Each structure stands twice: as structure tokens, then as C-alpha cells.
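Undergrad: For reference, the structure I am asking about is given below.
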Amino acid sequence: MSTVLTEGNYLNDLLKWEMENKHSREQVTVLSGQDLVMGSVIGKIKTGSVPTAGTAGTNTGTGTCGSVTGGAKTKVGVYTLRCVGVAANGGIFSVRDPDGEALPDAVMGAYTNAAINFTLTDGATDFALGDSFTITVPAGSGKVKELTLTGTDGSEDAYGIMIAGVDTTTPSADKPGVAIVRDAQIVADYLSWPTSATEEQKAVALTQLANAGIVTRTDV
């Protein structure tokens, strides 16, 4: 009986060109609990845990800002809510992101946005003009993990590609690794994706990589 040997992929199967002096590469810290292989598409943890409640300024109104969660476009920094319209048992709040860009106004109840989500609740004393809340989103760890398609911490965006496998499951601890994160040519057939990734999601991730200069070519 003959023996069949299967040869694994090599880096030069995946990586067809990169910048000199390893400019395309970056040393990364792989989050514990990951089992990445050569070619794994990774995301980077850019934002930390979003607080569950906003911090009130010196407000006249006794209402609250709670049930805070992040979204796919949450930024690191301070979101500001300011009362710009008053009403009995209500009010209108302007919402600005950490860069000062205006988001849609908020009223009492649930506010849903790709950048930030929260709930404004009226109190015994109505809000007054100028009443405010702030929501501070901390920076993330900067560690990498397998592309997380449902993430809201930055890991839902394709950041790079591992050039070698790194197993942080046994023991469960962060470990160093190296990834291609900019200016390279790759063959997408050799990439390793999350098992649930659809063709549409893969196309979005490849576009994100292309925006970093990591472009695909056909293997010949």
C-alpha cells in the first residue's frame, strides 16, 4: 500500500512580494486563547470596554444615560451629549463623537448608532438647556486575534495576515508573532478565514487589506 504525503503551504505560496527591510511586517501580540496559522486574517483590538453608563455633568435634570454599548464604528475618546431642546418629561440632546463630528440628535429612550448606543431616561426633574453627559471609550489593548466578524472592538476589521502560526491556547497566554500589515502582494487562496466567514465578508476584509496596501494577485 502506498503512503500519501501531504505537503503544507509555505509563506512564499501566500506572500508574493513585500517591501524591503521588512517594512511590510509588524511584530504583534497575539491574544491568549487563539490558535492562528500561517495566513490567518487578523483583527486588532483598538477600543477597550465601553462603560455601561454616561457620566453626568452639573445637570439640572435628574435623568440618566445608561445601557451604553459600542458599535462597529466606535472611536476611542470622549462622546459628548448636550441638551439643546427642552420639553416636559423629555428633551433633545446633540451627540458628538471624540473628533467633534456631529451624530444624529438623541431624545428620550434608546439611541442606536454604529458609533455609540445608549438610553436616555427622564428623571423627576426635567432636563435644562446645557445639561450634558460624557461617555469615555478607552483605548484597546492593541493585541491581535482572528478576524472577529461580529466584534465591536476593532477586531471586526482586517488588520493583517500572520506569516507563521501562533498558538496561545496551551498554555493560555499572550504570545508574540509577526504579521504582514502593509504594502504587500498576496494570493488570497492561501488565506485562513473564520469558519463562519461568507464570501461577501471575505470581500470586505480583502478591501480593508487593500486599503493598507496589501493587494491580491492570481497565483501563476
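The values are calculated or read from the model by the stated rules, or taken from the named source; none is laboratory data. Note that the coordinates shown come from a computational prediction; the quantities given were computed from them, not determined experimentally. Because the Cβ atoms are built from the backbone with ideal geometry, glycine has one as well, and the counts that use them run over all protein chains shown. Side chains included, ligands, DNA and RNA excluded: accessible areas come from the protein's heavy atoms. Shrake-Rupley method; radii C 1.70, N 1.55, O 1.52, S 1.80 Å.
Undergrad: Pop out the ³J(HN,Hα) list for the stretch 159-175 in order, Karplus 6.51 cos²θ - 1.76 cosθ + 1.60 with θ = phi - 60°, rounded to Hz; leave Gly and Pro as x.
TA: 9, x, 9, 6, 8, 7, x, 9, 10, 10, 8, 9, x, 7, 7, 4, 9
Undergrad: Pairs of lysines 8 or more apart, or on different chains, with alpha carbons under 12 Å: count those in the chain, would you?
TA: 8
Undergrad: Using only Cα atoms, tell me the angle between helix 199-211 and the longest principal axis of the chain; keep it within 0 to 90° and round to the nearest 10.
TA: Roughly 90 degrees between the two axes.
Undergrad: Can you give the helix-only mean residue ellipticity at 222 nm for the chain, where every DSSP H stretch with n ≥ 4 adds -39500 (n - 2.57) and the sum goes over all residues, rounded to the nearest 500 deg cm²/dmol?
TA: -2000 deg cm²/dmol
Undergrad: Leaving out ligands, DNA and RNA but keeping every protein chain, what accessible area does Asp126 have, in Å² rounded to the nearest 10, with a 1.4 Å probe?
TA: Accessible area, nearest 10 Å²: 60 Å².
Undergrad: Roll a 1.4 angstrom probe over the protein heavy atoms and tell me the percent of accessible area of the chain that is carbon or sulfur.
TA: 51
Undergrad: If you average the alpha carbon positions of the stretch 154-194 and of the stretch 91-117, how far apart do those two centres end up, in angstrom?
TA: Taking the Cα centre of the stretch 91-117 as reference, the centre of the stretch 154-194 is 35 Å away.
Undergrad: Taking the highest mean first, how do the peptides 35-47, 200-212 order by number of other beta carbon atoms within 10 angstrom per residue?
TA: Ranking the peptides 35-47, 200-212 by packing returns 35-47, 200-212.
Undergrad: Taking the convex hull of the alpha carbon atoms in the chain, what volume per residue do you get, in Å³?
TA: 167
Undergrad: Another question, if that's okay. Students often check this: by mean Cβ neighbours within 10 Å, which of 54-60, 139-145 ranks highest, and how do the rest follow?
TA: Per-residue mean Cβ counts within 10 Å order the peptides as 139-145, 54-60.
Undergrad: Continuing with the same structure: Could you pull the Cα extents of the stretch 90-205 along its three principal axes, largest to smallest, in whole Å?
TA: Projected onto its principal axes, the Cα set of the stretch 90-205 covers 59, 33, 27 Å.
Undergrad: Sticking with this one: Rolling a 1.4 angstrom probe over the protein heavy atoms, how many square angstrom per residue are accessible across the chain?
TA: Accessible area per residue, the chain: 53 Å².
Undergrad: A follow-up question, please. Where the Cα atoms of the stretch 132-193 are projected onto their three principal axes, how long is each span, largest first, in whole Å?
TA: 51, 31, 21
Undergrad: Still on this model: Which GluC sites (Glu not before Pro) from the stretch 1-102 combine a DSSP loop assignment with at most 10 other Cβ atoms within 10 Å?
TA: The qualifying sites are Glu7, Glu101.
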